[in-house]
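Since the structure comes first, as structure tokens, the remarks are kept for the end.
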Amino acid sequence: MANSTGSNLAANIRQLRETRGMTQDQMARVSKIPRPTWANLESGGSNPTLSVLIKAANALQVPLEELIGPPRAMVKLYRAGTLPVSARGKVKLRKLLPDVIAGFEIDRMEIPGGAYMAGIPHTPGTREYLTCESGAVQLSVGGESWDLNPGDVLVFRGDQKHGYRNPGAQTAVAYSVVALAPAAS
């Protein structure tokens, strides 16, 4: 591996790991790469196999090219309107973060006055955190309903039928954080 590629690899892997707030031991476990090998990747003192690079990229949730290319700036601005937006009925869903975080779904929901959206049950063991930012949101789950006002947070099992409703006339804004349960192997 060329010297600049090796130093890029070391800097990128270290920066990506630190950005995620993980130790080398934690990354070694997640990636299934031996701890000494991970340390060598970060020091630039290794000539890793393609298999090791793929495991590291997968564990860091980045394309392989991001590991070996020139280090990226530590800051990136995402302008309003550049994040993915979808609609389910009248409800507009926007991804809150530009990057995927393994095991989490994080969305901003705009619910017009009087609108309803059925939630899709997630894998067994999933938890959902619903925060009302503005307006009012009514959540129905397990045969019961809860009314949320600005600042309220409701935590519930996301693996059952549920639905979101705006009982008011004005658009409500809520944030949904879904902590997915690990898939059974």
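Remarks
- Residues that are modelled with pLDDT of 90 or more and small (Gly, Ala, Ser) were ranked within segment 12-42; the one that is farthest from the chain's Cα centre (by Cα) is ALA39.
- Boolean, LEU77 is at pLDDT 90 or above and not assigned by TED's automatic domain parsing to the domain that holds ALA136: no
- Lone unmet requirement of (1) farther than 28 Å from ALA169 by Cα; (2) in the same structural domain as ALA172 (by TED's automatic domain parsing) for ARG94: (1)
- Of all residues in segment 1-38, those satisfying the criterion of being among the hydrophobic types (A, V, I, L, M, F, W, C) and in contact with a helix residue (DSSP H, G or I) (Cβ under 6 Å, 6 or more places away or on another chain) are LEU9, ALA10, ILE13, LEU16, MET27, ALA28, VAL30, ILE33, TRP38.
- Verdict on GLN24 being without any contact (Cβ under 8 Å) to a residue 24 or more places away in the chain and either more than 30 Å from TYR175 (Cα to Cα) or not assigned by TED's automatic domain parsing to the domain that holds GLU128 (or both): yes
- Residues (surrounded by 16 or more Cβ atoms within 10 Å (Cβ to Cβ) and closer than 14 Å to GLU133 by Cα) located in segment 153-163: LEU154
- Checklist (1) in contact with a helix residue (DSSP H, G or I) (Cβ under 8 Å, 6 or more places away or on another chain); (2) at pLDDT 90 or above applied to ARG72, failing item: (2)
- Test: VAL141 is more than 22 Å from the chain's Cα centre (by Cα), more than 27 Å from TYR78 (Cβ to Cβ) and among the β-branched types (Val, Ile, Thr): yes
- Only one of the listed residues (GLU110, GLU144, GLU105, GLU133) is of a type outside the set (A, V, I, L, M, F, W, C) and free of Cβ contacts under 8 Å to residues at least 12 places away in the same chain. That residue is GLU144.
The values are calculated or read from the model by the stated rules, or taken from the named source; none is laboratory data. What you see is a predicted model; the values in this text were computed from it and never measured. In this analysis, Cβ positions are derived from the backbone assuming ideal geometry, glycine residues included, and neighbour counts consider all displayed protein chains.
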